[in-house]
Amino acid sequence: MTGRFLLGAACVLAAAPAMAGPYINTELKSSWTGSDYSKSTWHNDLGFESKLSKSTKFYIQGGPSVVLPDGKDHTVELAGKTGLKIKLADGLSGYGEVAAMTQDEMNFDEDLKFSTKVGLKYAF
């Protein structure tokens, strides 16, 4: 149920006229422990970004992701993320992101895997 709500909210936001900056983002994330490879995830997203105000930018993106675990069959999952970047002062900005991904071949009956990230960036 949570997955359907998030997907519906993402569709509504993506259709908003203020979001005039569409883009495509493809990204390959791989992980190892020492020299032991564990998996790669290839994200293929369609996104939109826009300014919410003079100092705040917003984005939302999502699409199919191919998960390639070492020694196991690949799966295709749905993944998406949304975030903000806020200018706090000259050279200082803050950002935050929330991401979600299905865990069982795009099955929304399973709990979504969530992650968050927040931070500050200072440019010299």
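Bear in mind that the values in this text are calculations on the coordinates, not laboratory data. Here the structure is a predicted model, which is why all the values come from computation and not from measurement. Cβ coordinates were reconstructed from backbone atoms using ideal geometry, including for glycine residues, and neighbour counts include every protein chain displayed.
Placing a pseudo-label 7 Å from each Cα along the Cα-to-Cβ vector at residue 31 and residue 52 gives an inter-label distance of 2.8 nm. Computed from the Cβ-Cβ distance with R0 of 30 Å, the FRET efficiency linking residue 70 to residue 116 stands at 0.70.
Simple spin-label estimate for residue 44 and residue 98 gives 2.7 nm between the two label positions (7 Å along the Cα-to-Cβ direction from each Cα).
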